[in-house]
Amino acid sequence: MAGSVFLPIPARPAPVKTEGVLPWMRANLFGNWVNSLVTALIAVAIGYAASAFLSWGLVNAVFAPSADQCQAARGSGACWGVIVEKFRIIIFGRYPYAEQWRPEIGTILLLGLLIMSCIRRFWKPWLVPAWIVVLFAFFSLMGGGRLGLSDVGSDQWGGLPLTIMLATLSIVFAYPLAILVALGRMSTLPAIRSLCIIYVELIRGVPLISVLFMASFMFPLFLPVGKSPDVLLRVLVGITLFSAAYLAEVVRGGLQAIPKGQVESSQSLGLTYWQTQRKIVLPQALAMVVPGIVNSFIAIFKDTSLVTIVSLYELTGAMGLALNSEADWRPFKIEGYLFITLIYFVFCFSMSRYSLWIEHQVGRSKTR
Amino acid sequence: MAEPIISFERVNKWYGNDFHVLRDIDLVVAAGERIVVCGPSGSGKSTLIRCINRLEDHQEGRIVVTGIELSDDVKAIEQVRRQVGMVFQQFNLFPHLTVLENLTLAPMWVGKTPRKQAEENAMQQLERVKIAEQANKYPLQLSGGQQQRVAIARALCLTPKIMLFDEPTSALDPEMIKEVLDVMIELANQGITMICVTHEMGFAKAVADRVIFMDQGQIVEQNTPHEFFDRPQNERTKDFLSKILGS
Ligand SMILES: Nc1ncnc2c1ncn2[C@@H]1O[C@H](COP(=O)(O)OP(=O)(O)OP(=O)(O)O)[C@@H](O)[C@H]1O
Ligand SMILES: [Mg+2]
């Protein structure tokens with residue numbers, strides 16, 4: 001042979017992927033008779049459950065706020081009338097009825113700014129003063145006592161505004177605290193490191209309920225009568241400290257994943273410790289643990305429901321309050337709980353979708 | 001000899017309590033000198049040059065760099081680091097920043113240079129290492145050789161008096177080694193003080209004023225490349241050279 005000749009293989013398209021619902025179903029649901037049987041059984045089960053739920057929740061349901069009709073439909077249909085009847089108490093708790101426009105506006109302001117803060121286009125320096133103004137407006141509206149608004153004690157605040165306020169503020173304060181604690185736990189200074197370890201381990205060793213009890217009942221015992229700060233503030237501090245400990249561990253996971261070379265090259269460029277953390281370590285570490293951070297945020301949001309036990313009637317507590325106050329409506333707890341479940345779900349699901357978006361954003365610089 | 005820019009006086013360093021990694025190091029480097037450090041793996045070469053910008057601390061002796069003695073004084077260390085650029089084996093570029101941002105970071109935050117000026121200077125440095133067209137890419141989108149050239153440009157952005165290289169070509173594929181060495185040779189010809197840990201003996205012969213051979217934490221032998229390669233004095237050196245030159 002007179003030397004081998006290079007024969008180029010012409011490029012050809014990749015094999016066609018079978019797209020579409022039908023081919024997918026045929027392949028995955030009805031591939032063989034066992035699969036087909038399982039599919040059929042599951043379909044029947046789902047169909048049965050769905051039709052039962054629909055007939056209970058829709059067809060036989062009572063939507064009018066009438067206790068008598070609801071009683072009549074009991075067992076066969078849902079009583080959504082209870083939501084209509086008790087809507088204001090579920091949403092606003094014990095807040096004075098005539099003044100409920102105040103928490104309404106305050107919450108809309110707070111939520112509006114919260115949503116804006118999540119959108120990149122609004123990440124501008126004015127966001128900080130905006131937060132200060134909105135928080136000031138929120139507390140002025142809620143508490144009153146100025147601008148001709150009547151005084152409403154924080155023990156009367158309740159419902160969704162309280163839930164949103166507690167969750168937002170404890171997240172806003174717990175997040176930076178968690179970063180500091182995580183950095184402290186990685187510090188080379190033994191005093192700072194032990195302090196952070198003790199804090200995290202101590203907090204993780206007790207349930208949130210005990211922290212809340214301590215904040216609301218035990219803390220005042222150590223202070224002169226009438227000198228202890230507002231119960232709402234104490235509870236807020238309790239939730240913040242509690243969440244920060246968990247969040248700190250999530251952040252520390254990210255910090256540990258940063259190669260030593262990143263810190264060394266930053267140091268070799270003359271950046272100080274704080275510059276190195278802020279510009280090099282934290283952006284990479286936090287981006288890595290977005291799912292864990294959002295997980296903690298969602299947990300904080302739902303944990304606020306525990307403040308009921310220290311007599312702050314946030315959403316869950318307000319729901320109980322609404323139904324327990326009248327014997328006629330007391331039996332319809334399931335409907336009430338489904339309703340607030342829906343509210344919690346909307347918030348938590350939004351957070352988890354937002355987390356996916358953030359992950360996508362930070363992932364863009366990593367493209368290989 | 002001109003004023004020394006780096007001096008080691010009987011420097012000793014231990015890792016932990018029982019690993020004596022640098023032993024009685026005496027070393028004087030004149031401004032503008034180009035030094036190549038070689039020696040077997042684990043002999044303490046990286047440790048030696050990392051002591052110069054205090055990525056590692058030493059327990060005994062004195063190290064003076066550009067007239068500043070290295071101690072626990074953080075401000076003094078930061079001042080030294082501003083004048084000492086370092087290039088690592090693993091490049092250590094910041095993956096979350098673009099090439100341009102990698103270069104402007106230190107000038108803007110350490111040197112307090114305005115962004116516009118920092119970017120202009122960065123583009124000049126990128127031209128210098130022949131990679132200006134990649135300015136807006138992220139480091140992981142570049143080849144190893146390109147990344148290392150960016151790392152060199154990054155270190156040059158603070159206009160250091162001294163450049164340290166720790167095996168800058170060891171993580172590279174053979175065809176990329178040359179593009180990095182070319183940049184380093186050009187740098188060497190511009191009169192910057194350079195200390196380079198490398199086993200590229202061609203590079204040592206071409207640019208070094210002095211070759212230092214280390215073994216077991218000691219400087220065993222130092223000489224001009226000519227003398228060092230042709231008439232090594234020490235048995236250990238001869239042994240090492242025969243291994244890496246393969247003769
Ligand atoms: N942080 C550390 N802690 C403990 N021992 C270390 C540490 N860093 C390096 N060593 C040890 O110190 C010795 C010298 O390390 P050094 O990195 O300076 O060697 P080197 O000459 O650069 O070797 P190489 O050519 O493999 O890079 C090695 O035996 C290494 O295992
Ligand atoms: Mg080394």
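Could you check region B:12-54 and list, in sequence order, the residues that are within 14 Å of chain A (Cβ to nearest Cβ) and either of a type in the set (Asp, Glu) or near ligand 1 (Cβ under 9 Å from one of its atoms) (or both)? Within region B:12-54, B:Ser46, B:Thr47, B:Ile49, B:Arg50 qualify. Would you confirm, using the coordinates I've provided, whether B:Val180 is touching a helix residue (DSSP H, G or I) at 6+ places or on another chain (Cβ under 7 Å), within 16 Å of ligand 2 (Cβ to nearest atom) and aliphatic (A, V, I, L, M)? When the stated conditions are applied, B:Val180 does not pass them.
If I filter region A:236-244 for residues that are in contact (Cβ under 8 Å) with a residue 12 or more places away in the chain, within 21 Å of the chain's Cα centre (by Cα) and loosely packed, with under 14 Cβ neighbours inside 10 Å, do I get at least one hit? There is no residue in region A:236-244 that is in contact (Cβ under 8 Å) with a residue 12 or more places away in the chain, within 21 Å of the chain's Cα centre (by Cα) and loosely packed, with under 14 Cβ neighbours inside 10 Å. If you go through region A:294-310 and pick out every residue that is among the hydrophobic types (A, V, I, L, M, F, W, C) and over 10 Å from the mean Cα position of the chain (by Cα), you end up with 4.
On the basis of being more than 16 Å from ligand 2 (Cβ to nearest atom), surrounded by fewer than 20 Cβ atoms within 10 Å (Cβ to Cβ) and in a loop (DSSP other than H, G, I, E, B), does B:Ser71 make the cut?
yes
Let's see how each residue does on (1) in contact with a helix residue (DSSP H, G or I) (Cβ under 7 Å, 6 or more places away or on another chain); (2) away from chain A (no Cβ under 12 Å); (3) within 16 Å of ligand 1 (Cβ to nearest atom):
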site	(1), (2), (3)
B:Lys137	yes, no, no
B:Arg154	yes, no, no
B:Thr169	yes, yes, yes
B:Leu172	yes, yes, yes
B:Ile192	no, yes, no
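Scan region B:144-151 and give yes if some residue there is more than 20 Å from B:Met163 (Cβ to Cβ) and either more than 10 Å from every other protein chain (Cβ to nearest Cβ) or not aliphatic (A, V, I, L, M) (or both), otherwise no. Checking region B:144-151: not a single residue is more than 20 Å from B:Met163 (Cβ to Cβ) and either more than 10 Å from every other protein chain (Cβ to nearest Cβ) or not aliphatic (A, V, I, L, M) (or both).
A:Phe349 meets each of the listed conditions (1) within 14 Å of another protein chain (Cβ to nearest Cβ); (2) at pLDDT 90 or above apart from (1). How many residues does region B:74-104 contain that are at the interface with another protein chain (Cβ under 7 Å from one of its Cβ atoms) and either hydroxyl-bearing (Ser, Thr, Tyr) or assigned to a helix (DSSP H, G or I) (or both)? Residues flagged as at the interface with another protein chain (Cβ under 7 Å from one of its Cβ atoms) and either hydroxyl-bearing (Ser, Thr, Tyr) or assigned to a helix (DSSP H, G or I) (or both) within region B:74-104 amount to 3. Count of region A:305-332 residues, restricted to those that are modelled with pLDDT under 85 and in contact with a Leu (Cβ under 6 Å, 6 or more places away or on another chain), is 3.
Please pick out the residue among A:Gly320, A:Gly292, A:Gly261, A:Gly253 that is among the small types (Gly, Ala, Ser) and within 21 Å of B:Leu105 (Cα to Cα).
None of the other options fit; the residue is A:Gly261.
Restricted to helices (runs of 4 or more DSSP H) entirely inside region A:1-105, those with at least 2 residues that are in contact (Cβ under 8 Å) with a residue 24 or more places away in the chain and not polar (S, T, N, Q) are A:67-73, A:81-92. Here B:Thr169 clears all of (1) more than 16 Å from ligand 2 (Cβ to nearest atom); (2) surrounded by 23 or more Cβ atoms within 10 Å (Cβ to Cβ) except the condition numbered (1). Scanning region B:190-203 for residues that are over 21 Å from B:Thr66 (Cα atoms) and more than 16 Å from ligand 2 (Cβ to nearest atom), we see that the one that is surrounded by the fewest Cβ atoms within 10 Å (Cβ to Cβ) is B:Gly202. Among the polar types (S, T, N, Q), in a helix (DSSP H, G or I) and modelled with pLDDT under 95 - does that describe any residue in region B:126-136? Among the residues of region B:126-136, at least one is among the polar types (S, T, N, Q), in a helix (DSSP H, G or I) and modelled with pLDDT under 95, which makes the answer yes.
The values are calculated or read from the model by the stated rules, or taken from the named source; none is laboratory data. Computed from a predicted structure; not experimentally measured. Reconstructed Cβ throughout: ideal geometry from the backbone, glycine too, with neighbour counts over all protein chains shown.
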